[in-house]
Amino acid sequence: MKGIDQRVTEFEHQLRKAGLRMTQQRRLILRVLAEADDHPDAKGIFTRAFLHDPTLSLSTVYRTMKLLETQGAIERHAFEDGVSRYEHADQQHHDHLIDVETGQVVEFSSPEIEALQAKIAAELGYEIVRHKLELYGRKLGRKGRRKPGEG
Ligand SMILES: [Zn+2]
């Protein structure tokens, strides 16, 4: 896991490479992004950054995220709720389980699943370049969420 300062520096580098001028606001967005250890959407990033700079606009956040994604610095996920969520691209590979009741995103990785996927692809004559696995689940034992007549 990389340090936050190191992440900010790398994000800055990516944006400069994309030809973007580094401004105070962009630096703020990069810091908020670097600090996020969940999977925020653009509005979530905006809300966090807005606390530090009320002149910030949502479109600046969108534009910055788009460029970082194009540069491969952040990864975009489109889970079933249709909202684009982001996370740092420098992490170890992992998959996601999405809680269908709360929307919470849980990360996991499984050597067994990775091996099985590679085996299936090989049997089909392929090697895997990348994959995304999303599980949608309901937490066991959570009370008070069931509709009448269910379960
Ligand atoms: Zn993740």
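Only the coordinates and a few stated rules stand behind these numbers; no lab work does. All of these numbers come straight from a predicted model, not from anything done at the bench. Cβ: placed from backbone, ideal geometry, glycine included. Neighbour counts: every protein chain shown.
Placing +1 on the Cβ of each Lys and Arg and -1 on the Cβ of each Asp and Glu in the chain, which of 52, 126, 3 has its Cα farthest towards the positive end of the resulting dipole?
52
Straight-line reach from residue 2: which lysines fall under 27 Å, measuring Cα to Cα and dropping same-chain residues less than 8 apart?
Once the sequence-local lysines are set aside, what remains near residue 2 is 17, 43, 66, 132.
Hey, what's the per residue convex hull volume over the C-alpha atoms of the stretch 3-51, in cubic angstrom?
It comes to 76 Å³ per residue, whole-number rounded.
Of the GluC sites (Glu not before Pro) in the stretch 43-151, which ones lie in a loop per DSSP and count no more than 13 other C-beta atoms within 10 Å?
80, 101, 127, 150
Provide 130, 85 in ascending order of the number of other Cβ atoms located within 10 Å of each residue's Cβ, fewest first.
Exposure proxy ranking, most exposed first: 130, 85.
Along Cα→Cβ, 7 Å out, is where each label goes; now give me the distance between the ones at residue 89 and residue 13 in nm to one decimal.
1.4 nm
If the cut-off is a Cα-Cα distance under 20 Å, which aspartates and glutamates reach residue 119, setting aside same-chain residues fewer than 8 apart in sequence?
95, 127, 134
Could you tell me the calculated FRET efficiency between residue 131 and residue 21, based on Cβ-Cβ distance and R0 = 35 angstrom, to the nearest 0.05?
E between residue 131 and residue 21, to the nearest 0.05, is 0.45.
Mind checking Rg over Rh on the stretch 1-90, alpha carbons, Kirkwood formula for Rh?
When Rh is taken as the Kirkwood radius, the ratio is 0.93.
For the stretch 95-137, take N as its residue count and report Rg(C-alpha) divided by 2.2 N^0.38 Å.
The stretch 95-137 yields a ratio of 1.38.
Which whole-Hz ³J(HN,Hα) couplings does the stretch 126-131 yield from phi under the Karplus relation 6.51 cos²θ - 1.76 cosθ + 1.60, θ = phi - 60°, glycine and proline marked x?
Per residue, the Karplus-derived 3J(HN,Hα) values read 10, 10, 7, 8, 7, 8 Hz.
Along the stretch 55-66, what does the Karplus equation 6.51 cos²θ - 1.76 cosθ + 1.60 (θ = phi - 60°) give for ³J(HN,Hα), rounded to whole Hz, x for Gly and Pro?
8, 5, 10, 4, 5, 5, 5, 4, 5, 5, 4, 4
Ratio of alpha-carbon Rg to the 2.2 N^0.38 Å globular estimate for the chain, to two decimals, please.
1.25
Taking Rh as the Kirkwood radius, which is the inverse of the mean 1/r over Cα pairs, what is the Rg/Rh value for the stretch 27-80?
Using only Cα positions, Rg/Rh for the stretch 27-80 is 0.94.
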